[in-house]
Structures are given as structure tokens and as C-alpha cells.
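Read through the structure below, which is laid out as C-alpha cells, and then see the notes.
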Protein chains: 2
Amino acid sequence: MNHVKQAKRTTIYDLAELAGTSASAVSAVLNGNWKKRRISSQLAEKIMKIAEEQGYALNMQASLLRREKSHIIGMIVPKYDNRYFGSIVELFEDMARARGLFPIITCTRRDPELEIEAARTMLSYQVECLIATGATDPDRITEMCAAAGVRSLNLDLPGALAPSIISDNFAGARELTRRILVNCERRLGKKGPLLFIGGRGSDHNTAERIRGFRAAHSDLGLAVAEEHILACGYAPEKAEKALDDLALKGDANVGGMFVNSTISLEGVMRWVRRSGHLNDDSLVLGCFDWDPFVSLLGNEIEMVRQDVPEMLKKVFEVIESGVSKPVVIQVPPLIPQM
Amino acid sequence: MNHVKQAKRTTIYDLAELAGTSASAVSAVLNGNWKKRRISSQLAEKIMKIAEEQGYALNMQASLLRREKSHIIGMIVPKYDNRYFGSIVELFEDMARARGLFPIITCTRRDPELEIEAARTMLSYQVECLIATGATDPDRITEMCAAAGVRSLNLDLPGALAPSIISDNFAGARELTRRILVNCERRLGKKGPLLFIGGRGSDHNTAERIRGFRAAHSDLGLAVAEEHILACGYAPEKAEKALDDLALKGDANVGGMFVNSTISLEGVMRWVRRSGHLNDDSLVLGCFDWDPFVSLLGNEIEMVRQDVPEMLKKVFEVIESGVSKPVVIQVPPLIPQM
DNA sequence: CAAGCTTGCTCAATCGATGAAGCAAGAATT
DNA sequence: AATTCTTGCTTCATCGATTGAGCAAGCTTG
């Protein structure tokens, strides 16, 4: 490798000069189709050796400008602060690379403005496909992509204009609620009442989970009080405050809680600690999402773990099949044996 | 926005034709320096209107090919499975964007091969600067970057060839160890013995933390048994197995543990549960790294939280100052009041 | 030995955006 | 009226890699 400080980066023209050949021969050798272009293996080896020596790195911008396909696949993701999105990103990168694609990922912090901005930037980078994960306004992104002739896909939260791969939130929430109720019965001798806490009432997943929460109640002939549905947002502080407010109203007669994300669970646990519920098992918890430490918290918190590998498998299946109709594919979440 | 399915994406030439002007006028208007190029505001407005209507998105590859600077900043990161790296990535993206840079991040799963591969790809994308976070072989990456005339920087783990921003692992570990020993005294009536578990003996951070661990012991006139230093790797299973092996050797007389990451703590906690140490407070724990749920675990686990905002602030200071000498900047971690 | 084929290359146009240089028309100055 | 200045554009080369077309030299074949 050449350790001389160089102002300009090495190009195929530099290599061509060094090898006493043409840039097109160098290009053919370095991008691998030199056999097709009938370059002798002697010249090929010579060029590859020189490229190695010079520490040559392809100028992707020039290459992509000329080529028809970019092989770039984009993903926008709301946050990196939980295992769910963390594993989505990690596995997505892996699967993309395994398919010869270059993944670019950007985090939009649940900010609709930033989502649009990020999508536009991804389009500028000529992504072949954009996956909008947990987007607040997925259809807007789909429209932007469609205008640029780029396919898009929704993950985690569905949209009306592009294929969506989401968890089966209804079934997952119904089963989780059933388990919380069973645990209530077992540990407290009564079925609830339960609180639903966390998430945005306006997002599809939260709405479906609330529907599952209600269905599990009605399966057992139980009623759900409206004031026990607290779609207060995802942030820990919001969950904590919602519980404080509820306690102020004197409505502290709660047997268990359905917590709608690990992030909200942080706030719930903080509130639980403050209000002294710690180890007395007087509060039965369930969480829609998984975190390794939560299972160690000691309150026997039930968790529903979204099936990220399966979801991403579907994502790539949809991409590879070329489907762009707005179907919704629901993936059953993983629920551990009771 | 134009919703007609288009085979080709709109270019400045298309816009120029529609506006009855030249491509360079369109370019000047859209990249904002039309005043400098003396384009009339009438034409500018007309062009911007048409661009909007057509849903035009810049071809970044073409733009970058022509421009001298890419404004792309790259980061490689080992994992997304913990809060430390998650917050690094999230904040890095934010700070990069605030500086008009486009961040591209890729996860290399602590795989040295993948690190090199990722670095090469980033160079192909013409990054102006590459930040190697927690890299197993940072110097190799620095060499590659230097050969391409690209600056690089190490974060979390130091290298010998580029500026490094890392936590003050020695001081953090010394204080954490001191606290674990104090808690041992208070809760068990004896100072240890402590176990050090997790991390790689070969990495700088682990070595420094072991040094801090030893220093805190010697501060109190205590000895550390060699067999109580278990740098068994980061994965939870490895920590779990290391503890099993130790127990098999009959060496279960341990008062507390210094756990060298939240990831290792997962394994430790699993082992603790299995071996029945759960709520009896007979094991005093401390963890070098922070996780919100760990503070809720109930075993009064001490944590050292690395100061990510300060570290990234230093990262950008170094970048902006143009320093490329291999200095090591140590950032004190945050340790909550006792 | 002429005509055709194969091998191993080179030439030159191209991708889309950029910006230095240039040019025409009108305004201002002498 | 002649000259210079200003305004508001356009033209064209360029960035580096790619690829269809082309070409020369050697090899076959009838």
C-alpha cells in the first residue's frame, strides 16, 4: 500500500498509466468482467497488483453515475434506543449485504419533518428501494419514492400505498392481555382491572393492540374502562406522568398493566419504584416488546417479542418478488411458553 | 408532484427544457447559488416551481462526482444491541447533520474482516472522514484511510495512528470497583472477594478497566486473585459459561462482581438467577456501562455511564480542528452520586 | 494467399451536475 | 455617439467509471 500523502485519489487513469494500458482495461479488470471483455489474464494480474500497491479504491459516485442500478438500499428507522429497532437494523444490514446491496440507514427520531428530509436525501443517493420503518407518515414517503420511480416498503407500521410488513399486533396483544389476566388471577386472586399504557392512539399498531386488549377482556366477559386506556406517547416520562395523573384522580385500583413498548416500560417501572410497588407482586405486568433485562426484573413480566428475522425475511421476499401493491403482511410475534 | 410512472428520473436537463432555459441555470438555482451566478429571481422562481411539480431529486452521485467535497462522514460501529452504541449512533447522526454532513453508519459485528470491508466501501463512497468505533483493528483502518487521503478517528477503542476519543476507563473502573467494595462491606460485612468478568483481555478498554480494578483493590490494601479476572469475551453466553466453569472449580466464594458491559451483565444475571442468588443480596454487582432497566433490577447494581455527548463533542472538535496526530483524549465517565 | 475469425486490446461517448468563461443586450458614463 | 459596465443568461469542459464500437495482429480455413 502506498503511504505517500496524496492530494488526489488514485483513479483508473493513474493505474492505466502505471500499467501502460488503457483506463477501460483497468475498469474491466477491477470490476470483474475482464473475461467478458477479453483481457488477458497476464494484464489482469498486472493491473490488480498495481491497484493493490496503490491502495486504489473505486470512486463509487462515478461508477454509480454510469451504471443503471445503484445497489443501494435505504432504511429509515425511528430510534436506536431499544432492542427491537436495534435488531432490525443489525439484521437488515446483514441481509442486504448478503444480497449484494449496500445498506444505508438513518434515524429520524419519530420526527415527521426529518423523515421526509431523510427520504429525499436517500432518493438523491439513488436508492433502489426505501424501507420506512415505524414511519409516522409512510404514505408521504411512498409518494415521494413513486415520483422518483423508486420502490418503497413499510415495516413495523403499515401504510396505504406500499406493501407493509408488520407484526400481528391484534393477536399478540390479545394473547399478552390474556396472560396478564391469568397472572392477575393467579397472583392477586382477581382478574384486573388492567391498564393499557404507552404508544400513540393515532398509530396503527397501538390501535390494533388496544383492540386486542379489548378482545381479550371480552373473551373473558370483562369490561374495559375507557380511562384505563392511556395512549400517552412512547417516551418514559410520558408514561410516568400518565400514571401520576391517574393516581391523582384516585384511580389506583389497578391489578395489572399492558405496557406498549419497552421504552414506556422504563417510565412505568420508575413509577412503580417510586410508589413502592417494588417486590410485593401486587402489580402484574406485560410488555409488548422484548428486552433481556426486563425478563430479569423479577416481577414476572410477560413479554411479546416481535419476530424480526421473519419480518425481514418477508421484506426481502416482497422486494425480490417485485410486488408493489399495498398489501399488509402480518407476522405473528413470538410468545414464550407459559 | 408528478405521479406519472417514469422510467427515467427527472434531471436538470428535463427541467431546463420545461423551463425553456439551460441546465446550468437550473443547477445554479437548485443548489442555491443563483444570486452569485446572476440568475433573475423570476427565472429562479419559475425553475423552483417546476422542480417542485416534477418531484425533482438531485442526483447526488453526479453532484458529488463534480464537487470537490462529499460532505459524507462515515462511522463503523460494532453492535446495536446496547444503549451505549445506540446513543453514539443516534447522537452522531444528529451532530453530523447539524454540521451539514451526511452520516453513513455501518455495523460490523466485531468482525475484523467486515470492518476492513466496510471501511473500503466507505472510502469508495468518498467519505471525508471515517470514525472507527470500537474497532478491533483501528490502525488497519487508519492506514487504509491515510492511503486514500481521508482522515480517520477512533472512538471508544484507541489506535496508535489516529486521534482517539475514549472513556477514562482506568478512573471509571477504579471508582466503580471502590463502590462495589464499599457496598460489599455494607451489605455483606466483608470486602469481596470480587470477580472481574467480561470483555477481551486483548482490548485496551478491558485492560485499562482491569488495571483500575486492581488499583482500587490495592488502594484498600486488598489482593486480587488471578483466577478472579475473567476476560471471557462480551457475549452473554461466554460470561455465563465462565461463571459455570468457575463454580465447577469450587471457587464460589465471591462477594461481588465487576461486569465489563451490559451485554456481559445479561449472562451474569442469567447465571445469578439459575444459581439462586436472586433477591438475597448476597452478591454485590457493578457494571461498566449503563442500561435503564439494570437500575431497576433491584440488586442495587452500580453503573458507570460513559459520557457519549461529551465524547462526540470531542470527536467533532478534533475533526474541525484538523488534528490528525495520534493523541488519546480520555473522557471521564459519569458516575452517579452514591 | 485471400477471406474470415479470434484475441486482446483502445477509443470515445456517456451518466448528471457544476462552474469558469463567454456573449448579447441594455444601462450608464464620458 | 462611442465606450464601458452590468445583467442575465448559455456554452462547454470536467469529474471517474463504464461499455458499445472499432481496430490491428495473429490464426484458420478453403
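Rule-based calculations on the coordinates, nothing more; no lab input. Values in this document were obtained by computation on a predicted structure and should not be read as measured data. Reconstructed Cβ throughout: ideal geometry from the backbone, glycine too, with neighbour counts over all protein chains shown.
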Run the reach check for A:LYS249 against lysines, Cα to Cα strictly under 23 Å, same-chain hits fewer than 8 apart removed. What comes back? A:LYS190, A:LYS191, A:LYS238, A:LYS241
What does the average come to when, for each residue of peptide A:119-125, you count the partner chain Cβ atoms lying within 10 Å of its Cβ? 5
Cβ-Cβ cut-off under 13 Å around B:VAL323, Lys and Arg +1, Asp and Glu -1: the net charge is +1
Inter-copy spacing of A:LEU248 label points, which lie 7 Å from Cα along Cα→Cβ, given in nm from shortest upward: 5.8
Between A:GLY298 and the same site in the other copies, what are the distances in nm, shortest first, taking label points 7 Å from Cα along the C-beta direction? 0.4
Extension gain (nm, one decimal) between B:ARG38 and B:LYS313, 0.36 nm per residue minus Cα-Cα: 95.1 nm
State, to one decimal in nm and shortest first, how far the label point of A:LEU220 sits from each corresponding label point in the other identical copies (label point: 7 angstrom along Cα-to-Cβ). 4.7
Return a whole-number percent for the relative contact order of the range B:213-337, with Cα pairs under 8 Å and 6 or more residues apart as the contact set. 18 percent
Summarise the partner chain shielding of B:98-107 as one whole number: the mean count of Cβ atoms from other chains within 10 Å of each residue's Cβ. 4
How far is helix A:169-188 tilted off the main Cα axis of chain A, in degrees rounded to 10, range 0 to 90? 40 degrees
May I ask you to order A:306-313, B:48-55 by the average number of other C-beta atoms within 10 Å around their residues, highest value first? A:306-313, B:48-55
Compute the long axis of helix A:236-248 from its Cα atoms, compare it with the longest principal axis of the Cα atoms of chain A, and write down the angle in degrees, 0 to 90, nearest 10. 10 degrees
Rounded to whole angstrom, the alpha-carbon centroid of the range B:99-120 lies from that of the range B:279-317 at a distance of 26 Å
Compute, for the range A:1-101, the length of the dipole vector about the Cα centre, with Cβ point charges of +1 (Lys, Arg) and -1 (Asp, Glu) only. Units Debye, rounded to 20. 340 debye
Counting only other chains, what is the mean number of Cβ atoms within 10 angstrom of the Cβ of each residue in peptide A:18-26? 0
So, counting K/R as plus one and D/E as minus one, what does the shell of residues with Cβ under 12 Å around B:CYS129 add up to? +1
With an 8 Å Cα cut-off and a minimum separation of 6 or more residues, compute the relative contact order for chain A in percent. 15 percent
With A:GLY267 itself left out, Lys, Arg at +1 and Asp, Glu at -1 over residues whose Cβ is under 12 Å from its Cβ give +1
Comparing B:ARG66, B:ARG140, B:ARG187, which has the greatest mean-square fluctuation in the GNM of chain B with Cα pairs linked when under 10 Å apart? B:ARG66
Among B:MET303, B:SER152, B:ILE329, whose Cα lies farthest out toward the positive end of the dipole of chain B, if unit charges sit on the beta carbon of Lys, Arg (+1) and Asp, Glu (-1)? B:SER152
Work from the charge dipole of chain A (Cβ charges, +1 for Lys and Arg, -1 for Asp and Glu, about the Cα centre) and give the residue of A:ILE229, A:ALA44, A:SER261 farthest towards its positive end. A:ALA44
Scoring the range B:12-59 by relative contact order with C-alpha pairs under 8 Å, at least six apart, yields a percentage of 36 percent
Hey, which lysines would be in cross-link range of B:LYS69, C-alpha to C-alpha under 23 Å, not counting anything within fewer than 8 residues on its own chain? A:LYS5, A:LYS8, B:LYS35, B:LYS36, B:LYS313, B:LYS314, B:LYS325
What does the C-alpha gyration tensor say about the overall shape of the range B:169-304? Classify as rounded when a/c is under 1.5, otherwise prolate if a/b is larger than b/c, or oblate. rounded
When the helices in chain B are scored as -39500 (n - 2.57) per DSSP H run of 4 or longer and the sum is shared across all residues, what 222 nm value do you end up with, to the nearest 500 deg cm²/dmol? -14000 deg cm²/dmol
Between B:LEU334 and A:SER275, with labels modelled 7 Å along Cα→Cβ, what's the label distance in nm to one decimal, could you check? 2.7 nm
With charges only on Cβ, +1 for K and R and -1 for D and E, what is the dipole size of chain B about its Cα centre, in debye, rounded to 20? 1060 debye
Can you give me the C-alpha center-to-center distance between the range A:187-263 and the range B:54-96, rounded to a whole angstrom? 38 Å
